[in-house]
Structures are given as structure tokens and as C-alpha cells.
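Please read the structure below before turning to the comments.
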Amino acid sequence: MAAPRVLVHVCCGPCAAYTIPALREEGFQVTALYFNPNIHPVEEYVRRRDAFLDHAEDLGADKVIVKDADYDPQAWFREITFRETNRCFHCARIRLEKTSFIAKRGQFDHFTTTLLYSKHQKHDEIAALGRDLGPESAAKARFLYRDFREGWQQGIHRSKDLGMYRQDYCGCLYSDLERRKKLLAK
Ligand code: SF4
């Protein structure tokens, strides 16, 4: 029987470092999707993209889809504006909607996201979003829930061993400003 196909939304290389090998170990055929219009500025988007692409094969990705043409920060800001206090929910929604759309179109068995690896994300909210977009009852493109946080340390070690770029802010302009608050206060 052919291995089940899963489309994994990848937010960055370090979060994929545990997630993709874990899915391969479970027997999935893994296609990675890099779609992150939240990342600001574009140089950082490219740096994170390339950090992942340089190691995607080593991690076990069978195939990679990169949506550079859909990197549209203006559209992302339009979705977030006036929803800033709940911006992480909408940020995850935008990326999961795209992932679920591509999974349906590509007849994948499942889709999931490396956002479920991060201890800094709202894990339960992301899981609920995924379940809404890809219900268990669907014939294809069902959401694959895993608590990838259990591999937190393993992922950190692996990304460091690979010499992968490890960013120090979540990605958007707001998170960049938050880490620089001290600098601005001086
Ligand atoms: S902090 Fe991270 S998850 Fe939240 S909106 Fe910014 S990039 Fe998205």
C-alpha cells in the first residue's frame, strides 16, 4: 500500500527539524510547503526560506513547494489590521487556509503545520483551526494533529547540529518591534 501523503506547512527550518523526520518515521510521504507572508522584512523571509531549503532533503522532505509568488505582506497586513490583539490567530489562519486549499487541490491525505512544534505558539487554537479546515470526516486533506512540542529539545539539537539559521523573533513586524522595545526605550 502506498504511504499516506501529508502536506506540511513549514514556518521555518528550526521548526521543521523535528517535525519532518518525525512524520517520516511514522511512514508518511512528506511534501513541505513554505508559505509565510507574515515574515518581515523580505530579507528575513528569504533567509528563513533558504535556511529551510538548504536542509529540506537532509530532514527527509520528499518534495518542497515554495510560494514566493504569494509572499504578499500588504495582503497580510490588511488581514491583521484592527485585529492586532488577536493577530496570531489570523496569522495562523491565513497560512493554514492556504495549506488546506493546496492539500485539497493536490489530493493529499492529510495536512499539518510546524506551528504545532513551537512552544511559543497558541497550540490549542492552531489545532482547532486545523480541525475546522480539515475535518476527520473528509475523504481527503484531513488535518493531521500531532503534538510536535514533545520533540522540542530534539529539534533544537538537530537544527544546531545542521548549522541552521535560528531566528530570534517570531516573524512579523510586531514581533520584531517587541524584541527591540528595550533598544527603542534607551
Ligand atoms: S507574532 Fe508570530 S504568529 Fe503572531 S502574528 Fe507575528 S508572526 Fe504571526
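The values are calculated or read from the model by the stated rules, or taken from the named source; none is laboratory data. Note that the structure is a prediction, hence the values are computed from the model and not measured. Here the Cβ is made from the backbone with ideal geometry for all residues, glycine too, and neighbour counts use every protein chain on show. Surface accessibility is based on the protein's heavy atoms, side chains included, excluding ligands, DNA and RNA. Shrake-Rupley method; radii C 1.70, N 1.55, O 1.52, S 1.80 Å.
Summary value for the range 5-185: 30 percent relative contact order, contacts being C-alpha pairs under 8 angstrom separated by 6+ residues. Ranking C15, G155, P41 by Cα position along the charge dipole of the range 5-185, where only Lys, Arg, Asp and Glu carry charges on their C-beta atoms, puts P41 farthest toward the positive end. Let me know the shape class of the range 5-185, please: from the alpha-carbon gyration tensor, a ≥ b ≥ c as square roots of the eigenvalues, rounded when a/c is under 1.5, otherwise prolate if a/b is greater than b/c, or oblate. Because a/c hits 1.5 or more and a/b fails to exceed b/c, the range 5-185 counts as oblate. Take the chain with all the other protein chains still there, run a 1.4 Å probe, and you get 52 Å² of accessible area per residue.
Taking the Cα centre of the chain as reference, the dipole from Cβ charges on Lys and Arg (+1) and Asp and Glu (-1) amounts to some 440 debye.
Share of the range 1-128's accessible area from carbon and sulfur, percent, 1.4 Å?
Within the range 1-128, the accessible surface is 50 percent carbon and sulfur.
Residue order by solvent-accessible surface for S118, S137 is S137, S118, largest first, with ligands and nucleic acids left out and a 1.4 Å probe. Under the combined filter of DSSP loop state and at most 11 neighbouring Cβ atoms within 10 Å, the range 118-151 retains these trypsin sites (Lys or Arg not before Pro): K119.
For K181, the lysines whose Cα comes closer than 28 Å to its Cα, not counting residues fewer than 8 places off in the same chain, are K119, K122, K160. Residue by residue, the range 28-33 carries 3J(HN,Hα) couplings of 7, 8, 10, 10, 9, 10 Hz when phi is fed to the Karplus relation 6.51 cos²θ - 1.76 cosθ + 1.60 (θ = phi - 60°); x denotes Gly or Pro. Between L162 and D132, the FRET efficiency estimated from the beta carbon spacing at R0 = 30 angstrom works out to 0.30. The calculated FRET efficiency for the pair R146 and Y169, based on their C-beta separation and a Förster distance of 30 Å, comes to about 0.75. Note on the range 119-186 and the range 1-60: Cα centroid distance 12 Å, given to the nearest whole angstrom. Looking at the range 93-168, which GluC sites (Glu not before Pro) are DSSP coil and have at most 13 other C-beta atoms within 10 Å of their C-beta? The qualifying sites are E136. Here the Karplus relation 6.51 cos²θ - 1.76 cosθ + 1.60, evaluated at θ = phi - 60°, turns the backbone of the range 161-171 into coupling constants of 4, 7, x, 6, 4, 10, 6, 10, 8, 4, x Hz, with x for every Gly and Pro. Evaluating kT/(6 pi eta Rh) at 10 °C and 1.306 mPa s, with the Kirkwood radius of the range 89-170 over Cα pairs in the Stokes-Einstein relation, gives 116 µm² s⁻¹.
Dipole orientation for the range 54-134: of the candidates F82, A61, T113, F82 has the Cα lying most toward the positive pole (charges on Cβ; Lys, Arg +1; Asp, Glu -1). For K67, the accessible surface of its heavy atoms amounts to roughly 50 Å² (probe 1.4 Å, protein chains only, rounded to the nearest 10).
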